[in-house]
Structure formats: C-alpha cells, structure tokens
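Novice: Here's a structure for you.
Read the figures in this text as sums done on the coordinates, not as results from a lab. On a predicted model such as this, the values are computed, not experimentally measured, just so you know. Cβ coordinates were reconstructed from backbone atoms using ideal geometry, including for glycine residues, and neighbour counts include every protein chain displayed.
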Amino acid sequence: MERSEFRDDTGGQGVFSTERLAQLVHQKATLVRELHKLVSKQQEMIREQEVDLIPLLAVKQRVLEALSEVDRTMDPFRQQDPDQRRWPSLEAREQCRDEADQCEALFRQVLMIENDCTLSLQKQQQKAREQLQGVALAGQASRAYQRSSGAMAPPASQMDFVSEG
C-alpha cells in the first residue's frame, strides 16, 4: 500500500496512510455520535426545565475538545487531492466516504439541536424575567398598600398596649 505524504505544520515530514485517515474519520464519527446523545439529553433536560445542566455540559465540553483534536489531526488530509490517495480497495474508500457523510449529517443535526436548546433557554429566560417583573410589581403594590393603610387607623385585630400614665 502506498502512503500519502504531506508537510505538517511544524515543518517536519509526515507520512499518513489512507488507513490512518479511515481511523480518524471513524474516531470523529464516534465522537459526533456521542455528542449527538449529549445534546439530545441536554434538549430533554431543557424541555423538562431541569436546572442542573453543569455535569452534562462538562462532559459535552470534553467530547468537543476531543472532536476538535481529531479534526486538527485530519487537517493535513484536507490539503491532499482525494483522487490521489491510494486505498486498499474501492470498498474501503467508499466505506470511509459513507462514514464521513453520515458523520457530517449527524453533526448538522447536532447543530440544529443546539440551536433549539438556545432558543428554548432564551424563552425560559424571558419567561423568568417576566415572572420576576411581576413579583417585583406585586411587591411594590403591596408596599404601597401597606403605606397607605398605615396612615389610617390600625386594624381592629390589633390592640394598642401602650398606656399613658
């Protein structure tokens, strides 16, 4: 099997085979599937208005970091002409392309779910803001009522225990 050569970003000579490319595509697909599960869980938690997203977001961050690392490792392959790569078989090439296509489609779904999560959180935030404003207005009204009724005689249920004398 022939290997494709590239110059890596450190200036050294690197050699990567199509086998390595297929491994990286598979790693990326595995990470994107994991990310899809996590954002789906995140979406569910947001819909159920669960407030403790921090543990899930921490796991999601680690997956995103790993995905970013795999993606950086794939950069040299992006500089190659795909038709110049030597694959062990046409089947291996098609399998790698299919997995890459499936990965990209799933990643687009991840982005759509993330967008839905963002919109849902914004709606919840707006609703909470409106509720807080309502509570604040109710508190102001209550204090105003108490001030106005304080100028009047004390309610019949209160007794004046102050004696003169």
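Novice: If we count other beta carbons within 10 Å of each Cβ, what is the order of I54, I113, fewest first? List each step's numbers first, then the result.
Specialist: Working: I54 7, I113 17.
Fewest to most other Cβ atoms nearby, the residues stand as I54, I113.
Novice: Along its three principal axes, how long is segment 4-148 when you only count alpha carbons? Whole Å, largest extent first please.
Specialist: Taking max minus min along each principal axis of the Cα atoms, segment 4-148 gives 87, 33, 23 Å.
Novice: Can you work out the base-10 log of I(q)/I(0) for segment 46-124 at q = 0.17, 0.25, 0.27 1/Å, using the Debye formula on its C-alpha atoms alone?
Specialist: Listed by q, the Debye log ratios stand at -0.87, -1.31, -1.36.
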